[in-house]
1. Given (1) out of contact with any Gly (no Cβ under 7 Å at 6 or more places or on another chain); (2) more than 20 Å from B:L215 (Cα to Cα), where does B:P171 come up short, assuming only one miss?
2. Condition first: within 9 Å of chain B (Cβ to nearest Cβ) and among the basic types (K, R). Now tell me which residues in the stretch A:349-406 satisfy that.
3. Of the residues A:T325, A:T338, which is more than 14 Å from every other protein chain (Cβ to nearest Cβ), farther than 20 Å from A:D268 by Cβ, β-branched (V, I, T) and more than 24 Å from the chain's Cα centre (by Cα)?
4. Name every residue in the stretch A:150-201 that is under 17 Å from A:V137 (Cβ atoms) and small (G, A, S), in order of residue number.
5. Take the residues in the stretch B:8-54 that are surrounded by fewer than 23 Cβ atoms within 10 Å (Cβ to Cβ) and in contact with a helix residue (DSSP H, G or I) (Cβ under 6 Å, 6 or more places away or on another chain), then tell me which one is farthest from the other protein chains (Cβ to nearest Cβ).
6. Can you list residue pairs whose Cβ atoms sit under 7 Å apart, with the first residue in the stretch A:282-308 being buried (at least 24 other Cβ atoms within 10 Å of the Cβ) and the second being outside any strand (DSSP E or B) and of a type in the set (K, R)? Count only pairs 6 or more apart in sequence or on different chains.
7. Restricting to the stretch B:78-134, name every residue that is away from every other protein chain (no Cβ under 12 Å) and within 22 Å of B:T179 (Cα to Cα).
8. Yes or no: the stretch A:71-88 includes at least one residue that is in the same structural domain as A:L143 (by TED's automatic domain parsing), in a helix (DSSP H, G or I) and at pLDDT 80 or above.
Amino acid sequence: MKSDPRQHALNTLAEQLGQLSPGLPGGSAWSARRHQALQRLLAEGLPDKRNENWRYLDWAELDRRSLTAPAGLHGGLAHPPGTPGLEILPLGEALEREGERLAALLPLPGSESDTGFDLLAEASTGTGWWVRVAAGVEVGEPLQILHQRKPDAPSHLRVIIELGAGARLHLIERFAGGDGEVLSVQATSLFLADGSALQHTRLFECSGESALVDQLEASVERDARYRQALFMLGGRVLRSSQRLRLRGRGAEAELDGLFVVDGQRQADLYTVIDHEGPQTRSRERVHGVASGRGRAAFNGRILVGPAAAGSDSSQTSRNLLLSPTAEINARPQLEILTDEVKCSHGATTGSLDPDQLFYLLSRGIDPETARGILTYAFCEDVVGVVTDPAVRRRIEELVAGQLPDRDLIQELL
Amino acid sequence: MSNNGATILRIENLHAGIPGRKILKGLNLEVRAGEMHAIMGPNGSGKSTLASVLAGRPGYEITAGSVTYLGQDLLAMAPEERARQGVFLAFQYPVEIPGVNNVYLLKAAYNARRKHRGEPEVDAFEFLELVRGKMKLMGMNESFLSRGVNEGFSGGEKKRNEVLQMTVLEPTLALLDETDSGLDIDALKVVSQGVNSLRDPSRAIVMVTHYQRLLDHVQPDQVHVLADGRILRTGDRTLALELERRGYDWVQAAPGAA
């Protein structure tokens, strides 16, 4: 164990955090939390290949990277100025202002064995954003946050979003930057009070060599509605772990996801949709494309708890393999602990439809372009849910940029 | 009947099938410019195989014979090459391609032909006007322009779309694979109108059909009866009427009639 590079990375991180801690925000409540998380992290370590939920990740690539302490990131924020009832603060300021309340609000990382990255984010809490929409406030224009990681430093980022009862918000987050030397971690906590609605567009366009572990947990209360459109389109290794908790009666979650990996890249999406309350609804649709030596995994768990009678869930996973060396592992899992629920799920993995391909060829389209068109169309099915025209355009460019004959495909946009 | 046009398609002793099954067993056919031919036959006679082999659909084996298109070896060409040289197949079962816009596909196909002929790409606005004109002919409404290829189309709409594409692309050799099946009488009239509009001294049309009723609306120069992979009989329109009256068994029972 003495030569374990991970343990070495963690020890280095602990030293750095120790030096930084007096300057980190949030008062005693948060320094205690950080300290506790760090001790657990040192004792329990990060998950590895033996852990079922992490087995597809390229650990060799991750272990090569350092876990240095938070060095901050460039932020970019676009929102309608002076919207009453909408508060946005850098996380540090929010922790200084109401650290106690936030410490009480945010659950501690769980005790399961795969929470190492939660602990890492918790131990590093300091950088990020806090957003609150007051009860009854509907924010008309989308709020856009650009998380631009610096090329030479990791950033362990936390985002906290609170929606009061009946509040509505469209949040667009773009994650960009990063480099090949470090592993970055981020954690997002979403609180949707009764009857609120959050539309959440998340675009990962990290630079080609970056490695990022993303974690998200949403608490969706009675009659609240959470919709996420997730685009995993960049980075050398990108992992997203999400848990959507449908806590109150009638709570709803929708997740539309797309990952595209080429070259040596890797995407790994792990989602848990937890139907805790009665008559909760979820719909999940994930499309994946892998070419070259790209590798991807989708692991989608649906849990229907004992109190979730009358719930309704559907999950589909469609995957496209464009080369013999590409790999996608899709694993839907359904765990139902109550009667009278409606659940459907299905996963397919294959290559392009030969009939569609021949149809295009028979119209004079060359084979490479035809494959590009069909792949693009497969992605567009998910991209189509994005309502913001500029963001949609950006996503379409990113998708098209990875496909053959992009000039012709650009015309589709 | 014009027998003066240049030969567009010549099929000689064609044997083809799928692995383990022979379907076409020595088929001969010659089609000249300006002509319209109807190939009729019972289910399983090889009609759709013939259309597929001519368009280059993968999965078929050619075991003997030749197909010449404008003096070139058609079977040696890739499907997209055949299309660019003016071969068009109206599919029996047009596929749906959600996410690919109808007009986009049509424009890409149109430009692929133009590029092949060394012509510049068509202006987007002009092209839309051209498509709109043809849509009117085919009784199609505006919503078509914004939809995905055949996405959510009824059987009849898909067939109309095939003929629409054909009228826009103006092929030299138009192949129609059971374009009339699954159409109600109104759609059949519209589709026939589209096919008739394509008749041209420089063009050849080959229709594959199971039913005689299409021939109430279009006037082929020659009617061929295909059975068991060969053309057993060739005649004019009256052959189709006779078939309608006497059934396919009559032809199959009269060997050597071709």
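The values are calculated or read from the model by the stated rules, or taken from the named source; none is laboratory data. No experiment lies behind these values; they were computed from the predicted model shown. Glycine also receives a Cβ, built like all others from the backbone with ideal geometry; neighbour counts cover every protein chain displayed.
1. Here B:P171 clears every test but (1).
2. Within the stretch A:349-406, just A:R363 meets the criteria.
3. Among A:T325, A:T338, only A:T338 is more than 14 Å from every other protein chain (Cβ to nearest Cβ), farther than 20 Å from A:D268 by Cβ, β-branched (V, I, T) and more than 24 Å from the chain's Cα centre (by Cα).
4. Selection gives A:G164, A:A165, A:G166, A:A167, A:A193, A:G195, A:S196, A:A197.
5. B:P42
6. These pairs meet every condition: A:G294/A:R265.
7. B:V131, B:R132, B:G133, B:K134
8. no
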